[in-house]
Amino acid sequence: MDRIITYAQAILEATEQCMAADSSVYIMGLGVPDPKGIFGTTLGLKEKFGDNRVCDMPVSENGMTGVAIGSAIVGMRPIMTHQRVDFMLLSLDQIINNAAKWHYMFGGKMKVPLTIRLLVGRGWGQGPQHSQSLQALFAHIPGLKVVMPATPYDAKGLMVAAVEDDNPVIYIEHRWLHGTFGYVPEEKYASTMGARLMRVGTDLTIVSSSLMTLEALKAANVLSEQGIEVELVDLRTIKPLDEKTVLDSIDKTGRLLVVDGAWQSFGVSAEIMAMVSEKAFDSLKCAPKRIAFADVPTPTSFALTNHYYPRAIDIVNTARKMLKMSEVTEEEAGICHQAPLDVPDLSFTGPF
Amino acid sequence: MTIWNKGKPIDMELKKKMYFDMLRIRMVEEAIAKHYSEQEMRCPVHLCIGQEAVAVGVCANLSKEDYVMSNHRSHGHYLAKGGNLKAMLAEIYGKATGCSKGKGGSMHLVDLSANFVGATPIVSSSIPVAVGLAFGTILKEKRSITAVFFGDAATEEGVFCESLNFASLKKLPIVFICENNFYSVYSPLFVRQPPERDNLSIVRAYGVAGEKGDGNDVLDVYTLAQRAIAHINQGLGPYYLQFDTYRWREHCGPNYDNDLGYRAEDEFTTWQGRCPIKHIEESLKNEGIISDSEVKEMVKRIHEEISEAFDFAKSSPFPDPKSAFAEVYA
Ligand SMILES: Cc1ncc(C[n+]2csc(CCOP(=O)(O)OP(=O)(O)O)c2C)c(N)n1
């Protein structure tokens, strides 16, 4: 009953169930049918659905995105995958100029039900061109939806929701989440495109997404031991932004801390703070705070990435500061880091 | 008119030098593969073992003031162009003494003193930049040639054709070098390009001259690159070279990966049997240009250089954490 599978398996299962349920769903992307199957998320699909519906492609991201869009216009539901967010940047023209606008600019006569899976790389020397987190960039474009599941349950549910959505959906998965485990029902289900309360609390609202939700959860548990009850809102969907869930929580706690695994300036955290400041200013008991990446490209050397990515202790201390409490060390907080910040866990030994 | 005066005749010395350079690249790559499991080189590495002849045969035609750009599989190109081995290894080790100060890793090598202007791993994305280097040299009336290395997959990107177009339009002094190793990660050529496709027809349609050659025969590579440069010297503009060759190890990382089943074992062994280094070594020996003891001597010399470079890389300091936040703007 409580079936536990990995995030990667959840994506695979969602894809398989969507393809079985609807013959217009197909998946395309570099390496989709290869022996590694996009970190295990597409394994076995080719055997079940054949090479037309499970296809590799020329290394031509922009062109092939246009092809996917065209096929969507005539009734297909493509899922396009990219092993790194960064590779998809070549197709920004097709995504921003065509996919995002097609429905609107032709007076609602056509639709582009396209799902684009993007993997965020991190650590192990992924560096400036293999580890970008660009949710804000995509969320900025009207006509695109952006989802970022944090749990295996939502990895499946949001994949189904994305495929069934009649709009282009950018589905961003963090490479470090692929190996995480969680409860995932066997049947096909769609998660709603909105936020989820991961934890109920009274003192402070943390809004986060994707991998950062796991860090925030860790921090919330530590804070709870210190007498601070965090309400944790996992965004799940960056766009459309679930304002109500965030605002309801701020009503309750009066304190906002946004944690975003991406650059700070002009980013998702800025949007959430602006939204809360506009709509719930009077509920705020103190200035909102955010934790995000400094505005510099990701360095490669692990000696540098170790200081680049925020960790649970940063969340703990920012929260404590907001509550006028003094800082604590990792030891005092009882946070133990098993692995350096360039690997998801100790079993990881490279090279990718 | 600018004259690019390049191209040495293939004599004994040159053959020996090219053999040495290939051997050096091979030994460096094998040393990286050997040390990789120590978990100190914490970045992806794309080894060029099996493909050394293309880098060496092309770069042997270039002089210091010529520019080279490359992709993710750049160690060989970097070394063949005269890049600094110590700085390269230190970069792979993530050290402050690395050629990109630890900010780039194996996928972002640079050595401006050798005019190796950079390697970037986004497929095809360095190609137009290289065209820009060539355009810049024309505007500045410099006598440099630009060479850009890329794989078969890069010819599938639109920017490849856009680059050919502009290079041809402006008759730029650039050599496009496609190393066709038949795979893009685990995707063979036939799932990416129709069998009718002929890159020479494509480049010629853009007004770019081109030729195909044996990428495992360094003399063939050298001769064709020399021809390309002669063409440029006559002011006839860009040239495209495509060399068939083969990657022995996994796409990324130190191991062999034939067990995955994406390529046939006999295809692999056939190519391994055509080792570019063995190939030239045998012909040098047959011609009496080189002896076993000379080879031994070379191996010893390279071995010493490599172990010194690894010592340098391993003992170099890590960058100051603050440096991650510097150099965002010039
Ligand atoms: C735009 C882009 N798409 C996909 C990738 C992922 N990728 C990295 S290397 C590679 C294979 C490239 O093959 P090729 O250019 O033939 O060079 P090879 O690795 O065979 O030397 C791919 C697809 C990438 N780096 N950039």
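Against the list (1) buried (at least 24 other Cβ atoms within 10 Å of the Cβ); (2) within 11 Å of the ligand (Cβ to nearest atom); (3) part of a loop (DSSP other than H, G, I, E, B), the condition residue B:76 fails is (3). Based on what the data block shows, is residue B:101 away from the ligand (no atom under 16 Å from the Cβ), modelled with pLDDT of 95 or more and within 12 Å of chain A (Cβ to nearest Cβ)? Taking the combined requirement at face value, the residue satisfies it. What number of residues within the range A:67-89 satisfy the criterion of being within 14 Å of the ligand (Cβ to nearest atom) and either within 14 Å of another protein chain (Cβ to nearest Cβ) or in contact with a Phe, Trp or Tyr (Cβ under 7 Å, 6 or more places away or on another chain) (or both)? Total meeting the criteria: 9. Quick check on the range A:178-193. Is at least one of its residues touching a residue at least 40 places away in the same chain (Cβ under 8 Å), out of contact with any Gly (no Cβ under 9 Å at 6 or more places or on another chain) and part of a helix (DSSP H, G or I)? Checked against the condition, which is being touching a residue at least 40 places away in the same chain (Cβ under 8 Å), out of contact with any Gly (no Cβ under 9 Å at 6 or more places or on another chain) and part of a helix (DSSP H, G or I), the range A:178-193 yields no hits at all.
Considering the conditions (1) surrounded by fewer than 24 Cβ atoms within 10 Å (Cβ to Cβ); (2) closer than 18 Å to residue A:56 by Cα, residue A:105 is excluded by exactly one of them, (2). Among the residues of the range B:107-146, the ones that are more than 16 Å from the ligand (Cβ to nearest atom) and of a type in the set (A, V, I, L, M, F, W, C) come to 12 in all. The helices (runs of 4 or more DSSP H) falling completely within the range A:38-127 that include 1 or more residues that are in contact with a helix residue (DSSP H, G or I) (Cβ under 7 Å, 6 or more places away or on another chain), at pLDDT 95 or above and among the polar types (S, T, N, Q) map to A:61-73.
If you check B:305, B:294, B:250, B:287 for being under 25 Å from the mean Cα position of the chain (by Cα) and surrounded by fewer than 18 Cβ atoms within 10 Å (Cβ to Cβ), only one passes: B:305. Residues in the range B:41-66 that are away from chain A (no Cβ under 14 Å), part of a loop (DSSP other than H, G, I, E, B) and not polar (S, T, N, Q): B:48, B:49, B:50, B:60, B:62, B:64, B:65, B:66.
Of all the numbered requirements in (1) away from every other protein chain (no Cβ under 14 Å); (2) touching a residue at least 12 places away in the same chain (Cβ under 8 Å); (3) under 15 Å from residue A:144 (Cα atoms), residue A:94 misses one, and that requirement is (1). Among the conditions (1) within 14 Å of the ligand (Cβ to nearest atom); (2) of a type in the set (D, E, K, R); (3) within 14 Å of chain B (Cβ to nearest Cβ), the only one that residue A:122 does not satisfy is (1). If we scan the range B:79-93, do we find a residue that is more than 11 Å from chain A (Cβ to nearest Cβ) and under 14 Å from residue B:45 (Cα atoms)? Yes: the range B:79-93 contains one or more residues that are more than 11 Å from chain A (Cβ to nearest Cβ) and under 14 Å from residue B:45 (Cα atoms). Has the range A:272-279 got any residue that is assigned to a strand (DSSP E or B), more than 13 Å from chain B (Cβ to nearest Cβ) and modelled with pLDDT of 95 or more? Scanning the range A:272-279 turns up no residue that is assigned to a strand (DSSP E or B), more than 13 Å from chain B (Cβ to nearest Cβ) and modelled with pLDDT of 95 or more.
Assess whether residue B:322 counts as being loosely packed, with under 15 Cβ neighbours inside 10 Å, assigned to a helix (DSSP H, G or I) and within 14 Å of chain A (Cβ to nearest Cβ). Here the answer is yes, as residue B:322 does meet what is asked. Residue count for the range B:187-215 under the criterion of being away from chain A (no Cβ under 14 Å) and either hydrophobic (A, V, I, L, M, F, W, C) or touching a strand residue (DSSP E or B) at 6+ places or on another chain (Cβ under 8 Å) (or both): the result is 12.
So residue B:129 ticks every box in (1) more than 12 Å from chain A (Cβ to nearest Cβ); (2) closer than 22 Å to residue B:53 by Cβ; (3) touching a strand residue (DSSP E or B) at 6+ places or on another chain (Cβ under 7 Å) but one. Which box is left unticked? It fails just one condition, (2).
For the range B:79-98: of the residues being of a type in the set (D, E, K, R) and over 17 Å from the mean Cα position of the chain (by Cα), which is nearest to the ligand (Cβ to nearest atom)? Once the filter is applied, the top-ranked residue is B:91.
In this structure, residue B:92 does not satisfy being farther than 18 Å from residue A:302 by Cβ and of a type in the set (A, V, I, L, M).
Residue by residue, here is whether (1) in a loop (DSSP other than H, G, I, E, B); (2) buried (at least 19 other Cβ atoms within 10 Å of the Cβ); (3) within 13 Å of another protein chain (Cβ to nearest Cβ) holds:
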{"position": "A:291", "(1), (2), (3)": "no, yes, no"}
{"position": "A:300", "(1), (2), (3)": "yes, yes, yes"}
{"position": "A:303", "(1), (2), (3)": "no, yes, yes"}
{"position": "A:307", "(1), (2), (3)": "no, no, yes"}
{"position": "A:327", "(1), (2), (3)": "yes, no, no"}
{"position": "A:339", "(1), (2), (3)": "yes, no, yes"}
{"position": "A:342", "(1), (2), (3)": "yes, yes, yes"}
{"position": "A:345", "(1), (2), (3)": "yes, no, no"}
{"position": "A:350", "(1), (2), (3)": "yes, yes, yes"}
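Among the listed residues A:203, A:242, A:260, A:282, which satisfies the condition of being within 30 Å of residue B:94 (Cα to Cα) and of a type outside the set (Val, Ile, Thr)?
A:260
State all residues of the range A:23-35 that are of a type outside the set (A, V, I, L, M) and either closer than 16 Å to residue A:7 by Cα or in contact (Cβ under 8 Å) with a residue 60 or more places away in the chain (or both); if no residue qualifies, say none. Of everything in the range A:23-35, just one residue is of a type outside the set (A, V, I, L, M) and either closer than 16 Å to residue A:7 by Cα or in contact (Cβ under 8 Å) with a residue 60 or more places away in the chain (or both), namely A:29.
Does residue B:134 satisfy being surrounded by 24 or more Cβ atoms within 10 Å (Cβ to Cβ), within 14 Å of chain A (Cβ to nearest Cβ) and part of a helix (DSSP H, G or I)? It is false that residue B:134 is surrounded by 24 or more Cβ atoms within 10 Å (Cβ to Cβ), within 14 Å of chain A (Cβ to nearest Cβ) and part of a helix (DSSP H, G or I). One residue stands out in the range A:43-66 among those that are within 14 Å of chain B (Cβ to nearest Cβ), touching a Lys or Arg at 6+ places or on another chain (Cβ under 9 Å) and touching a residue at least 24 places away in the same chain (Cβ under 8 Å): the one that is surrounded by the most Cβ atoms within 10 Å (Cβ to Cβ), namely A:59. Kindly evaluate residue A:92 against the criterion of being crowded, with 19+ Cβ neighbours inside 10 Å, within 19 Å of the chain's Cα centre (by Cα), within 13 Å of the ligand (Cβ to nearest atom) and of a type in the set (A, V, I, L, M, F, W, C). In short, no. Of the residues that make up the range B:159-179, is at least one within 14 Å of chain A (Cβ to nearest Cβ), in contact with a strand residue (DSSP E or B) (Cβ under 7 Å, 6 or more places away or on another chain), of a type outside the set (D, E, K, R) and surrounded by 17 or more Cβ atoms within 10 Å (Cβ to Cβ)? So far as the range B:159-179 goes, yes, one or more of its residues are within 14 Å of chain A (Cβ to nearest Cβ), in contact with a strand residue (DSSP E or B) (Cβ under 7 Å, 6 or more places away or on another chain), of a type outside the set (D, E, K, R) and surrounded by 17 or more Cβ atoms within 10 Å (Cβ to Cβ).
The values are calculated or read from the model by the stated rules, or taken from the named source; none is laboratory data. In this text, all values refer to a predicted model and were calculated from it rather than measured experimentally. Neighbour counts run over all protein chains shown; Cβ positions are idealised from the backbone, glycine included.
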